[in-house]
Amino acid sequence: MVSKTKRVLLVFGLWGSWNLPQLGLSAQLSHQDVEFFEKKIRPVLVDHCYLCHSSSSPQVQGGLLLDSRDGLLKGGKSGPALVPEEPDQSLLIKALRYTEKDLKMPPSGKLPAETIADFELWVEKGAPDPRKPVAVASLPQKPNYDFAEERKFWSYRLPCQSSLPKTKTRCWSKNWIDAFVLEKLEEKNLSPGTPADKRTLIRRATFDLTGLPPTPQEIESFLQDASPNAFDKVIDRLLASPRYGERWGRFWLDLVRYADTAGDSADYPVPQAYLYRNYVIDSFNQDKPFDQFVREQVAGDLLPSQSEAQRWQQIMATGYLAIARRFSVVPEEYKHLTIDDTLDNLGRSILGLSVSCARCHDHKYDPIPTADYYALYGIFDSTRYPFAGSENIQQQKDFVLRMSPAEAEKILKPYSDQLVPLDAELKRLKEEKKALEKGTPETEGADAAVPGKRTLKEVKAEIEALKQRRLPIAAQMPILEAAYAVADEDPHNARIQRRGDPKNLGDEVPRRFLQVLGGQDLLPAEKGSGRLELAEWLTAPENPLTARVLVNRVWQHHFGKGLVSTPSDFGKRGSPPTHSELLDALAVRFIQSGCSIKAMHKLIMMSQTYQLSSDGDPGNLPRDPGNDFLWKFNRQRLDAEAIRDSLLMISGQLDLSQTGPHPFPHASTWSFTQHNPFTAVYDTNRRSVYLMTQRFQRHPYLSIFDGADPNTSTPLRSSTITPIQALFMMNSPFVHEQADRLAGRLIATQSESQKRIDMAYQLVLGRLPSTEELHRSQAYLQQTEEKLKSIEVPAESRQQKAWASYAGVLLSSNEFIFVE
Amino acid sequence: MDSLDCGCSRRQAIRSLVGGSLLLPGIIADLLAAEQASDAADPLAPRPPHFPAKAKRIIFCYMTGGASHVDSFDYKPKLFEDHGKTLKNGKFLSQPKWKFRPHGQSGTEVSELFPELAECVDDLCIIRSMKTDHGDHFEATLGIHTGSVTFTRPSLGSWVSYGLGTMNQNLPSFVVLAPELPYAGGQVWASDFLPACHQGTRIVPGAEPIPNMKPHSASPEIQQMELGLLEFFNRKHLEQHDSDPALAARIKSFETAFGMQQEAPEAFDLSKESDATLNLYGLERSSTQGFAWQCLVARRLAERGVRFIELIDTGSSSGHNWDAHADMQTHLPLAQNVDRPLAGLLKDLKSRGMLADTLVVWTTEFGRTPFTEKLNAKGREHHPKAYSSWLAGGGVKGGITYGTSDDYGIEVAENLVHVHDFHATILHLLGLDHKRLTFRHAGRDFRLTDVHGNVVEAILA
């Protein structure tokens, strides 16, 4: 195998050398000049300067480019770097000499004297430079993309419906999706797979749409149903189940990095965040058209509404923006990072573009100039984000109240009337304390009495006493219904932040959409932030990305892998689609169907491609080891939520109610700091989507099985297999409790051991045991009871223990953990 | 052709071929298939380094809260002399609270805060020109662990696990011994976008260090019977399905877990250590707490092939770490907690011949200000602009100092070592080129040092 690689590399190595630029022995330069440059100058520039000062630098520092003579002559912010024949006047030489106070290069340390002497000599000789002129990159705010040319890239073209491909294989396809798949299989000479059996199919579909196993009754009724639309009916039933939104809403929550805490250094809890979580789940259950779903999340507060309930729903939807990450001890001072997190997430989740790469420099691969980034930035800089609390200000601010400000004022007035004077007094005392601390040298002892003045100790005591008086009043303040949501404020354009530094401002950029996607502007008369318009631009039918990205995600969650394998990157660094015509046809159909995700599920699930067995022709393996061309279904490990929820369901413990707020401590008690951040794990038997999720601390269970990273968008879960997971199955109290409960169920329901084994198989694996499995199981149970007897386990608990041991094994089996 | 030695860069080489050409698609597909299969089967299998290296494993000791450089390893005589003088910023110079004197053959000055480590100074390479990008705990803690002060990135330990795999499948490749949560919590050892098997396994000193390690079955025999039945079910299942490496990998994971159950308790069982050894670390017999326990367990894990062992001394709770705003004297008990154990660890590794191929690192998130707001204030504030760390063992020159800060320890004067350089050097010592240790995520290749980092060649032995 290695020899093959070497051979391939060798071929490329040769190509590489052919492509090496010919050493430019131009007429003006002598051979010695070129040699001097190549030996003494270029290597130093490459090693010490190019990282920050070349056209390939990730961010060019000081606007200075040293990868061409033109760049040296033109110079950067401080002026020309090179004055030929005048080393003493050349900034380049001054910087190398390390004599100027603010101009010392390279920053890692002064170069050897010998090297500096070489540069002096080189400049003295007129800086002969054989390098080809490099187009001197324009400043970040002047994009040098040819957008007309860029829009020819596959993902920026509008999806178009191509005619159904002609295929040779007969009687394989069930719907038009299959024609596109089959065409590729034939083209690649791969043999198409065979259909999965009905049992496999219902288990697959049920986990797929609800994240839970089918019940034995559901399996039985599907097996008995010989009608041609039997599977149709199963899909419809599953799509109508409230369990569907809990499964597919979770995928959206992964993408938008949902958490119940803010992410500042103290990780303040956000008790209202769950409203957005429930909104997402409900929206999936209602099959809310996806374009509307996006519009509500970006601008729900600005959309018209028919009722108060709808208005409130739409405000909760903007929780999508509100849950953007907060940073540091003083999150209020890092709004630029919160906006960056917003743009990063919006770009990846909805458009499949890495927009935030353009924060510090024009995007290196995709046609997103920095100006575009700040055009969008202005929209969110004109948006008020709620404040969840932080180390310094330990209370919520700017949440959106359900009632009007006037009503709220009326309710709160009696309390604020009491609190305002107390707070004023508290502020005064704190200032007095500060003054005392400053004025007293610590070494003299802080409590030394100064005549006429109160001591620090006295002031501290008074502050404590005042806090004690304040607390009961604050604790009685009614908690008004509020959402972690955004609102418009002070509409304005943003200025470019050079190199992403909010203190280094460049030109103002008008708020508008990405140029490669049309660059639509706000109307001159627009008085809002621009979110409403952005919501329209994102979901307009002429936007080529939104529908494509979404249908690819739906495909991915069904098959384990998208047609585009980089689901949040449809740019040049992403992977192109394996089936571009199919992807386009799905996107077109999706838009035609009114952006119904449920219709998309049904379409996909009714294809032969979806209904294939996960064991295909092994002969295909060498030609398509990753099953990119779908000659079989991909076997998938259950994700963290599905494992936990299924274990609870099988043991009979699953609580199917939706939750309200988490049992967070009362807001009046909050005093979290970076030193003592908020941290908690709340146990529940509800579905895992309802577990309290913290930004900085992954839930101990979810982290074992690759749960979503609550810090950043998770477009695709990994499915690792680790010994820590095995230890969880073998030894965790959780698994043992479920095994024990399942054993109790088996014993209580059936009296014969064979019937109990049958029931266990049906509940856990959705089938009956083979004769061999039955015998092995019976023998196991018998041996275990004997073993328990030998270690003197009392007779009355032996049966329960033996069955629990057996149930634990079934729950740990590969057949349970993998979906075929 | 060095790059072919490492699975990861080899895969990239293959990938870049696919990107560039339609040449020989069959061969390329074969190569990729083989790579993927072996990865899926065992992402933790040992991998050769990019180039031969002396250090085979690393013990990374992290002091929480910001340990003062001018009171420990960066001797500033002028700071003693000019105590109380005013700086341009209106602040007052504040003399070190502990005396310094030269130690060992190298004559390197160490303060009285670390009397035992001072005895080992000829093995230490002290860097006195460290610099980080942020002055808050949370960010700087992420910085020293992941290279990024703002965004969530994989930890140094995860990168090393990803780059080198592990020598002992019965133990995790990256172990973190931490009694409390540090600033930024579990992000400090998170694998982020790297496969989850490379995340640090946090071990809390105490009776059950690894979660779910204690067999839950009624008896050991019954657990073996359970695993036997599971194996039977899983083998039957495997026979009915094509040779999916994931199915086989999961069967193996139970074997490994069983192995861990056997081996890990032994690794954590210090009862067979001699009195002399315990005494070396300053550990009382049968204690399972304290930094001495962490250091001795670290040696035992190192012996058993764990690749990356991180020791965190305390947590983010104020008043219990090096964050000495109020009074520098709070450094004393913290130093006493780690001084003898660290010296013991170095001596123990040396006497067992392990120091030559074990890299020991001591660091913190930032230093502390050599000046104070008020004259004669007892504490010091956060100081990211200059601080000290040290390395010892595998591949590092002992008995040297590298880099200097200015007369007062305020700015780096010479040979700046940014956190990125520190990381690049650590990876280099383990045989990994920080520019080649990359992972493709969200459309680009990420690395620990982002686009920065230079290996500090001068300290390499």
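It is to be established whether one or more residues within the range A:525-544 are in a loop (DSSP other than H, G, I, E, B), within 14 Å of chain B (Cβ to nearest Cβ) and either in contact (Cβ under 8 Å) with a residue 12 or more places away in the chain or closer than 21 Å to A:Tyr320 by Cα (or both). Talk me through it step by step, then tell me what you get.
Within the range A:525-544, the subset in a loop (DSSP other than H, G, I, E, B) is A:525-530, A:540-544.
Narrowing the set further to residues that are within 14 Å of chain B (Cβ to nearest Cβ) leaves none.
No, that holds for no residue.
Given the criteria within 13 Å of chain A (Cβ to nearest Cβ), out of contact with any strand residue (DSSP E or B) (no Cβ under 8 Å at 6 or more places or on another chain), outside any loop (DSSP other than H, G, I, E, B) and of a type outside the set (Asp, Glu), does B:Gln329 qualify? First the steps, then the outcome.
On the way: within 13 Å of chain A (Cβ to nearest Cβ): yes; out of contact with any strand residue (DSSP E or B) (no Cβ under 8 Å at 6 or more places or on another chain): yes; outside any loop (DSSP other than H, G, I, E, B): yes; of a type outside the set (Asp, Glu): yes.
Yes: the conditions hold for B:Gln329.
A quick yes/no check of all residues on (1) surrounded by fewer than 18 Cβ atoms within 10 Å (Cβ to Cβ); (2) of a type outside the set (Gly, Ala, Ser); (3) at pLDDT 85 or above:
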| position | (1), (2), (3) |
| --- | --- |
| B:Ala264 | no, no, yes |
| B:Ala276 | yes, no, yes |
| B:Gln289 | yes, yes, no |
| B:Leu301 | no, yes, yes |
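Does A:Asp683 count as part of a loop (DSSP other than H, G, I, E, B), acidic (Asp, Glu) and touching a residue at least 12 places away in the same chain (Cβ under 8 Å)?
Details: part of a loop (DSSP other than H, G, I, E, B): yes; acidic (Asp, Glu): yes; touching a residue at least 12 places away in the same chain (Cβ under 8 Å): no.
Criteria not met by A:Asp683.
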*Has the range B:385-406 got any residue that is touching an Asp or Glu at 6+ places or on another chain (Cβ under 8 Å), within 14 Å of chain A (Cβ to nearest Cβ), farther than 18 Å from B:Gly65 by Cα and of a type in the set (A, V, I, L, M, F, W, C)?*
no
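Only one of these is under 41 Å from the mean Cα position of the chain (by Cα), away from every other protein chain (no Cβ under 14 Å) and either surrounded by fewer than 18 Cβ atoms within 10 Å (Cβ to Cβ) or touching a residue at least 24 places away in the same chain (Cβ under 8 Å) (or both): A:Ser108, A:Ser68, A:Ser90. Name it.
None of the others qualify; the one that does is A:Ser68.
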*asked:* Testing A:Ala205 on (1) under 33 Å from the mean Cα position of the chain (by Cα); (2) surrounded by fewer than 21 Cβ atoms within 10 Å (Cβ to Cβ), one condition comes back false. Which one is that?
replied: (2)
*Applying the selection to the range A:254-290, what residues are out of contact with any helix residue (DSSP H, G or I) (no Cβ under 7 Å at 6 or more places or on another chain), farther than 20 Å from A:Thr679 by Cα and not in a loop (DSSP other than H, G, I, E, B)?*
A:Asp254, A:Asn278, A:Gln286
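Being β-branched (Val, Ile, Thr), assigned to a loop (DSSP other than H, G, I, E, B) and either in contact with a helix residue (DSSP H, G or I) (Cβ under 7 Å, 6 or more places away or on another chain) or at the interface with another protein chain (Cβ under 10 Å from one of its Cβ atoms) (or both) is the requirement here; does A:Thr609 meet it?
Answer is yes for this residue.
Rundown of residues vs (1) crowded, with 22+ Cβ neighbours inside 10 Å; (2) of a type in the set (Ser, Thr, Tyr); (3) touching a helix residue (DSSP H, G or I) at 6+ places or on another chain (Cβ under 6 Å); (4) closer than 25 Å to A:Asp267 by Cβ, yes/no style:
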{"site": "A:Tyr334", "(1), (2), (3), (4)": "no, yes, no, yes"}
{"site": "A:His361", "(1), (2), (3), (4)": "no, no, no, no"}
{"site": "A:Tyr365", "(1), (2), (3), (4)": "no, yes, no, no"}
{"site": "A:Ala375", "(1), (2), (3), (4)": "yes, no, no, no"}
{"site": "A:Ser382", "(1), (2), (3), (4)": "no, yes, no, no"}
*Return the total of residues in the range A:727-771 being touching a residue at least 12 places away in the same chain (Cβ under 8 Å), within 14 Å of chain B (Cβ to nearest Cβ), part of a helix (DSSP H, G or I) and of a type outside the set (Phe, Trp, Tyr).*
13
*Does A:His601 qualify as being more than 27 Å from the chain's Cα centre (by Cα) and not charged (D, E, K, R)?*
no
*Could you identify the single residue in A:Ile479, A:Ile473 that is β-branched (Val, Ile, Thr), assigned to a loop (DSSP other than H, G, I, E, B) and modelled with pLDDT under 95?*
A:Ile479
*Determine, yes or no, whether A:Gln297 is closer than 30 Å to A:Ala667 by Cβ, of a type in the set (S, T, N, Q) and touching a residue at least 12 places away in the same chain (Cβ under 8 Å).*
yes
*Is it the case that some residue within the range A:355-369 is within 14 Å of chain B (Cβ to nearest Cβ), more than 24 Å from A:Arg257 (Cα to Cα) and hydroxyl-bearing (Ser, Thr, Tyr)?*
yes
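Is it the case that A:Met692 is at the interface with chain B (Cβ under 8 Å from one of its Cβ atoms) and surrounded by 20 or more Cβ atoms within 10 Å (Cβ to Cβ)? Spell out how you get there, then give the answer.
Details: at the interface with chain B (Cβ under 8 Å from one of its Cβ atoms): no; surrounded by 20 or more Cβ atoms within 10 Å (Cβ to Cβ): yes.
So A:Met692 fails the test.
Just checking, does the range B:188-203 include any residue being among the basic types (Lys, Arg), surrounded by 24 or more Cβ atoms within 10 Å (Cβ to Cβ) and in contact (Cβ under 8 Å) with a residue 12 or more places away in the chain?
Restricting attention to the range B:188-203, the residues satisfying the condition of being among the basic types (Lys, Arg) are B:202.
Next, from what is left, pick out any that are surrounded by 24 or more Cβ atoms within 10 Å (Cβ to Cβ): none.
The answer is no, given that none of the residues of the range B:188-203 is among the basic types (Lys, Arg), surrounded by 24 or more Cβ atoms within 10 Å (Cβ to Cβ) and in contact (Cβ under 8 Å) with a residue 12 or more places away in the chain.
So that you can scan it fast, the table gives a plain yes or no per residue for (1) at pLDDT 95 or above; (2) more than 25 Å from the chain's Cα centre (by Cα); (3) closer than 25 Å to A:Met606 by Cα:
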position: A:Pro622; (1), (2), (3): no, yes, no
position: A:Asp628; (1), (2), (3): no, no, yes
position: A:Glu641; (1), (2), (3): yes, no, no
position: A:Asp645; (1), (2), (3): yes, no, no
position: A:Met649; (1), (2), (3): yes, yes, no
position: A:Gly652; (1), (2), (3): yes, yes, no
position: A:Asp655; (1), (2), (3): yes, yes, no
*Filter the range B:239-258 for residues that are at the interface with chain A (Cβ under 7 Å from one of its Cβ atoms), more than 13 Å from A:Met729 (Cα to Cα) and of a type in the set (A, V, I, L, M, F, W, C) and give the result.*
B:Ala246, B:Leu247, B:Ala249
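The values are calculated or read from the model by the stated rules, or taken from the named source; none is laboratory data. Computed from a predicted model, the values in this text were never measured in an experiment. Glycine also receives a Cβ, built like all others from the backbone with ideal geometry; neighbour counts cover every protein chain displayed.
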